[in-house]
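Input: a single structure, listed below in structure tokens.
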Amino acid sequence: MESFGLTILLWLPLLSLLVLLVGKYHQPGTLRTITIVTTAIQLIIAVLLFIQMVPEYFPLHTSDSFVYKDFHPWFTLPLGQLGYLSVNYFVAVDGLTISLLLLSSIVLFVGALVSHTIQFQEKGYYALYLLLCISIPGCFVAQDLFLFFLFFEFMLLPMYFLIGIWGGVNKEYAAIKFFIYTLVGSLLILVSFIILYASTYSPTEMVRLSGHSDITVQSIQQAVMDKTITTSDMVRSLSIQDVTKPTNIVPGSWLDPASTTQWLGISARMWVFIALLIGFIIKLPAIPFHTWLPDAHVEAPTAVSVVLAGILLKIGGYGLIRIVWPIFPVEAMQASTVIAIIGVVSIVYAAYVALAQDDLKKMIAYSSVSHMGFVLLGIASGTVEGISGAVYQLFSHGLISALLFILVGILYERTHDRSIAHYKGLLNKMPAFTVVVTIAFFASLGLPGMSGFIAEILVLIGAFQASQVYSTIPIGVTIVATIGLVVTAGYYLWTLQRMFFGKFSVHTSVDAHTLQDLTLMEKVVTYLLCGLVILFGVLPSVLLDTIGPWMQTWVQFLQQSIQ
């Protein structure tokens, strides 16, 4: 089904950006209003797409499993002995994409609402924010790796400047650290994509560009096997559908499973898998590539922290699920134990570090690292339950982390202090704020009835199944992961007890008598996110029924690939 709604969702922010840049606006709040209206339209389109994806009409394992797509040829570039590079504008939505597209629309809309604290260089801030409104959804819907990488890179510079210009005291350090880590990950991904280009070809593109009805995909594949088509005559495509098909690998190339090419005793395929894995888990992030995240969160303004934790981290998990595992299923299975251990170390280590924090924002930043460890564990399990839990965790954590960082921003806006030890008895002065914080904390620690519980229980079930059925994850690794749940409950409950209960006191220069509770706008934003967290906790089928068929197809594809 063709859908121009996707293109509207993607490129409407570009139109708004042009309106923002060419106009002269003297009325306060005009630029923010333009951004809010833009993100609201994006959210409406995403919700409509989500509602229309009724499970019984969802296509299962076919050659084209996309419910909505927009495909247009872009350009074909001759590259000498490497043949021709065919790049298409190909955006689409399936069961995996729709949940993250909906999440990105929600978080970008909420981020625009809480951007009222930006008081200087507003035009530059909202221009960069609108660039994020293009690039972030673009990463989720792009079905060509060339297009995906363009969107992926376009997130780097806006985030760098948003942190470096509108951040806190150490904003330059945090921005440079974010830039360096993300750039290293991008380079690893880029090199891997180049090797993918050199090692695969696209028979579908060769048929399309030939213009002859008697040429078929099967005839081209046979000609490649017979070596009657040289590499300089091959049309290569970075379409995700093409590079994930083993039949499209050029015989004798680096990624040919039959190739004996090795470096340091490790096959070329495994090296490329490792490069892609590291590139995406830097973005996730996982231990030991996580240190950029706490610094970036602490220095970033509230809205940027919301976008960073709510969506940008999810692109790392999405890349693993959409790109890395389908291209390298055998290598992923071979490395599943190591990957699961990395996930569990992230869960437990980051939880203990969060327990030791006094800065409320840094505590929540480390909790994000811990929760992303569950994503890695679920993906490594290779089971329907595990991967469903991983995707659910991406969606759930996006909502919860956005809520948590908004709450920290609300408190910091009033007191300019994030030290947990400097607050006590806030319940007496800010009862509505306390209620929302309690809901957010319990959602993040995985209380039943909240979306976080559904995600974590599915991941643990999938990991236990992987231990018993496939023997890919040692049972002890999964048991250790549950320790992270206990520590998470510890630091959230301890923070709640220290900051909100007892006799009221605030060890800052703020006048305690003027410490106000949530405003109307703050209630609208926080109550909305609380409602969604509870909705997807009580009715998980709203999301699971939509993503379920895709997850089953994903696992079946992996199992068939490793047999």
Between Q560 and I274, what length in nm is gained on full extension when 0.36 nm per residue of separation is reduced by their alpha carbon distance?
100.8 nm
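Using the number of other C-beta atoms within 10 angstrom as an exposure proxy, rank L6, L183 with the fewest first.
Values: L6 23, L183 14.
Exposure proxy ranking, most exposed first: L183, L6.
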Protection-proxy order for peptides 552-560, 143-151, each taking the mean of Cβ atoms within 10 Å per residue, highest first:
143-151, 552-560
Positive end of the dipole of the range 335-563, charges at C-beta (+1 Lys, Arg; -1 Asp, Glu), about the Cα centre: which of I473, H397, P549 has its Cα farthest in that direction?
H397
Rounded to the nearest 5, what is the percent of antiparallel bridges among the DSSP beta bridges in the chain?
80 percent
Pulled fully out, how much extra length does the chain show between T291 and D233, if you take 0.36 nm times their separation in residues and subtract their Cα-Cα distance?
16.3 nm
Could you check the simple spin-label distance between Q497 and T117, using points 7 Å along Cα→Cβ, in nm with one decimal?
2.9 nm
Quote the charge dipole size of the range 335-563 about the Cα centre in Debye, to the nearest 20; the model charges only the Cβ of Lys and Arg (+1) and of Asp and Glu (-1).
380 debye
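Where does the chain land at 222 nm, in deg cm²/dmol rounded to the nearest 500, when only DSSP H runs of n ≥ 4 count, each adding -39500 (n - 2.57), divided by all residues? Can you show the working numbers first?
Values: 23 runs with 364 residues, N = 563.
So the helix-based figure for the chain works out to -21500 deg cm²/dmol.
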Based on Cβ point charges of +1 for Lys and Arg and -1 for Asp and Glu, what charge dipole magnitude is obtained for the chain about its Cα centre, in debye rounded to the nearest 20?
1080 debye
Dipole size in debye (nearest 20) for the range 278-386 around its Cα centre, Lys and Arg Cβ +1, Asp and Glu Cβ -1?
180 debye
Label points 7 Å out from Cα along the Cβ direction at H507 and L520: separation in nm?
3.8 nm
Residue (of L376, L320, L360) at the positive-pole extreme of the range 245-392, dipole from beta-carbon charges:
L320
Calculated FRET efficiency, T260 and T482, Cβ-Cβ r, R0 35 Å, to nearest 0.05?
0.25
Entries in K24/K523; K361/K503; K24/K362; K361/K429 that, when Cα-Cα distance is taken, lie over 29 Å:
K24/K523; K24/K362
Report the one residue of V191, V506, Y201 whose Cα lies farthest in the direction of the positive end of the charge dipole of the chain (charges on C-beta: Lys and Arg +1, Asp and Glu -1; origin at the Cα centre).
V506
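Here, each number is a calculation from the coordinates, and none is a lab measurement. Note that the coordinates shown come from a computational prediction; the quantities given were computed from them, not determined experimentally. Cβ coordinates were reconstructed from backbone atoms using ideal geometry, including for glycine residues, and neighbour counts include every protein chain displayed.
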